[in-house]
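Participant: Please see the structure below; I have some questions.
Derivation of every value follows stated rules applied to the coordinates shown; laboratory data play no part. Everything numeric here is computed off the predicted structure, so don't read it as measured data. In this analysis, Cβ positions are derived from the backbone assuming ideal geometry, glycine residues included, and neighbour counts consider all displayed protein chains.
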Amino acid sequence: MQTPPRLSVVVPAFDEESRLPGTLARITAFIEGTQRWRPAEVIVVDDGSRDRTAAVGERFGGGDGVEVRVCRLPVNRGKGAAVRTGLAASQGEWVLISDADLAAPIEDVDLLHAAGVDLAVGSRALRRELISRRQPWARDLMGRGFNLMLRGLGLTVLRDTQCGFKLLRGELARTLSRSLRLEGFAFDVELLARTRRLGGSIREVPVHWEHVDESRVQPVRHSLQMARDVLRLRLWLWLGQ
Ligand SMILES: Nc1nc2c(ncn2[C@@H]2O[C@H](COP(=O)(O)OP(=O)(O)O)[C@@H](O)[C@H]2O)c(=O)[nH]1
Ligand SMILES: [Mg+2]
């Protein structure tokens, strides 16, 4: 029997052919340079991209002690659906969810791990001095509004739920993959809520962040979708689902 990976890195990817090679190179170089996360697997989840994202991922192959795999969704379903697919496919003792632009540096996985909890949530709200480049004001506003809504609905006590950099215990990742339902950008909120329900420990951990342009987020369309999704989540939780 092969030893299970120490770490699975799940990278949701929608039209990421240009950013992906650099991202995979940085992740594999980090893992190759450290003993503590080997062996590792990187799971690129191609969410029905219209470009060559999947081919780029497949061609990359991997590195010493790192395997890169690609899961493909035939049509675009959303970041939540992509992450859920990656969690289900993961085999690691720990599972890191990371955006394809590495706005939070891969090295900070050690900060999340040091928190020693079941779900460590990377955060941009706790230590603003770690942010070397801010998001544009419209996105910042969108984030603040969303956070306010979450608080009003009693869905979170955290300061930043939406940072695309989170570390979970492998068992928890696989369990969550069977119960997550939100398929869009609001899925992080459900991830947190369901972890809490399962009795998992959660901590918000400040990470470095450098805003990367070329966002896949459309402020108006996705704000509406996220608002609708957290209302659905609120209802499901009240109904005990
Ligand atoms: N699966 C999936 N991933 C997406 C979608 N849109 C964005 N992503 C991924 O989510 C991550 C964050 O997207 P990004 O454009 O960097 O968003 P921003 O930095 O929050 O503006 C990246 O890894 C994207 O490839 C989508 O519709 N489906
Ligand atoms: Mg980004």
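Participant: Out of all the residues in the range 28-57, which are under 16 Å from Val83 (Cβ atoms) and buried (at least 24 other Cβ atoms within 10 Å of the Cβ)?
Facilitator: From the range 28-57, those under 16 Å from Val83 (Cβ atoms) are 41-49, 53, 57; that's our starting set.
Those that are under 16 Å from Val83 (Cβ atoms) and buried (at least 24 other Cβ atoms within 10 Å of the Cβ): Val42, Ile43, Val44, Val45, Asp46, Asp47, Thr53, Gly57.
Participant: Then there's this: Which condition breaks for Thr156 when tested against (1) surrounded by 13 or more Cβ atoms within 10 Å (Cβ to Cβ); (2) of a type in the set (Ser, Thr, Tyr); (3) within 16 Å of ligand 1 (Cβ to nearest atom)?
Facilitator: Result: Thr156 fails condition (3) only.
Participant: Also, quick follow-up: Return the total of residues in the range 107-141 being buried (at least 20 other Cβ atoms within 10 Å of the Cβ) and within 16 Å of ligand 2 (Cβ to nearest atom). Give the derivation first.
Facilitator: So the first thing to find is which residues in the range 107-141 are buried (at least 20 other Cβ atoms within 10 Å of the Cβ), and the list is 108-109, 112, 119-124.
Narrowing the set further to residues that are within 16 Å of ligand 2 (Cβ to nearest atom) leaves 108, 122-124.
Counting residues in the range 107-141 that are buried (at least 20 other Cβ atoms within 10 Å of the Cβ) and within 16 Å of ligand 2 (Cβ to nearest atom) gives 4.
Participant: Which of the residues belonging to the range 1-16 are farther than 15 Å from Val212 by Cβ and within 18 Å of the chain's Cα centre (by Cα)?
Facilitator: Result: Arg6, Leu7, Ser8, Val9, Val10.
Participant: Leu158 - would you say it is more than 16 Å from ligand 2 (Cβ to nearest atom), under 26 Å from Arg134 (Cα atoms) and in a loop (DSSP other than H, G, I, E, B)?
Facilitator: Taking the combined requirement at face value, the residue satisfies it.
Participant: Here is a further query. Which of the residues that make up the range 52-80 are in contact with a Phe, Trp or Tyr (Cβ under 8 Å, 6 or more places away or on another chain) and away from ligand 2 (no atom under 16 Å from the Cβ)? Don't jump to the end; show me each part of the working.
Facilitator: Looking only at the range 52-80, we keep the residues that are in contact with a Phe, Trp or Tyr (Cβ under 8 Å, 6 or more places away or on another chain), and these are 53, 68, 76, 78-80.
Across the range 52-80, the qualifying residues are Val68, Asn76.
Participant: Those residues that are more than 13 Å from ligand 1 (Cβ to nearest atom) and within 24 Å of Gln162 (Cβ to Cβ), I need them from the range 61-95; list them, please.
Facilitator: Across the range 61-95, the qualifying residues are Ala88, Ala89, Ser90, Gly92, Trp94, Val95.
Participant: Residues being part of a helix (DSSP H, G or I) and closer than 29 Å to Asp46 by Cβ: count how many of those fall in the range 192-219.
Facilitator: So the answer is 5.
Participant: Are there any pairs with C-beta distances below 6 angstrom linking a residue in the range 65-79 that is of a type in the set (S, T, N, Q) to a residue that is within 13 Å of ligand 1 (Cβ to nearest atom) and assigned to a strand (DSSP E or B), with the two at least 6 apart or on different chains, and if so which?
Facilitator: Short answer, once both residue conditions are applied: Asn76/Asp47.
Participant: Among the residues of the range 163-196, count how many are touching a residue at least 40 places away in the same chain (Cβ under 8 Å) and away from ligand 1 (no atom under 12 Å from the Cβ).
Facilitator: Selection size over the range 163-196: 21.
Participant: Same structure, new question: All but one of (1) touching a strand residue (DSSP E or B) at 6+ places or on another chain (Cβ under 7 Å); (2) farther than 20 Å from Ala13 by Cα hold for Val157; state the number of the condition that does not hold.
Facilitator: The one condition Val157 does not meet is (1).
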